[in-house]
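Participant: Just passing along the structure, written as structure tokens.
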Amino acid sequence: MKKIIYTKDKCGGCITLKRDLDRQGAVYEERDSSRLERPEDEIDIKAFIEEVVMKNIAPKDISFPIEYDYQAEKM
């Protein structure tokens, strides 16, 4: 499983989350929040569906940070 966090610049909650994860020694990948609006890969698309669409959140109402645990599909 791969932890991905979507963050915005100057987002207090985003800074706090990153500090907490760093203190825990957690491995994560940080991605810019804009990738949820303009996905660059399959992970962004899945994160948007699971964290926004399935929770019935309007894109303008998304609050950050968003933590997404990605698990690649087994073939």
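Bear in mind that the values in this text are calculations on the coordinates, not laboratory data. From a predicted model like this one, the values you see are computed outputs, not experimental measurements. No Cβ is skipped: glycine too gets one built from the backbone with ideal geometry, and neighbour counts run over all protein chains shown.
Participant: Please find, within the range 15-49, the residue that is surrounded by the most Cβ atoms within 10 Å (Cβ to Cβ) out of those that are touching a strand residue (DSSP E or B) at 6+ places or on another chain (Cβ under 7 Å) and among the small types (Gly, Ala, Ser).
Facilitator: Filtering the range 15-49 for residues that are touching a strand residue (DSSP E or B) at 6+ places or on another chain (Cβ under 7 Å) and among the small types (Gly, Ala, Ser), the one surrounded by the most Cβ atoms within 10 Å (Cβ to Cβ) comes out as Ala47.
Participant: Quickly run through the range 2-14 and pick out the residues that are surrounded by 14 or more Cβ atoms within 10 Å (Cβ to Cβ) and more than 11 Å from the chain's Cα centre (by Cα).
Facilitator: Cys11 - this is the single residue of the range 2-14 that is surrounded by 14 or more Cβ atoms within 10 Å (Cβ to Cβ) and more than 11 Å from the chain's Cα centre (by Cα).
Participant: Looking only at the range 40-54, count how many residues are in a helix (DSSP H, G or I), of a type outside the set (A, V, I, L, M, F, W, C) and free of Cβ contacts under 8 Å to residues at least 12 places away in the same chain.
Facilitator: 1
Participant: Give the number of residues within the range 55-75 that are loosely packed, with under 10 Cβ neighbours inside 10 Å, over 14 Å from Ile45 (Cβ atoms) and of a type outside the set (Asp, Glu).
Facilitator: Residues that pass the stated criteria total 8.
Participant: Here is a follow-up. Within the range 15-39, restricting attention to residues that are more than 10 Å from the chain's Cα centre (by Cα), assigned to a loop (DSSP other than H, G, I, E, B) and not aliphatic (A, V, I, L, M), which residue is nearest to Tyr68 (Cα to Cα)?
Facilitator: Pro39
Yes/no matrix, rows are residues, columns are (1) within 16 Å of Met1 (Cα to Cα); (2) touching a residue at least 60 places away in the same chain (Cβ under 8 Å); (3) touching a Cys at 6+ places or on another chain (Cβ under 8 Å); (4) not basic (Lys, Arg):
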site: Val27; (1), (2), (3), (4): yes, no, no, yes
site: Arg35; (1), (2), (3), (4): no, no, no, no
site: Arg38; (1), (2), (3), (4): no, no, no, no
site: Asn56; (1), (2), (3), (4): no, no, no, yes
site: Ile62; (1), (2), (3), (4): no, no, no, yes
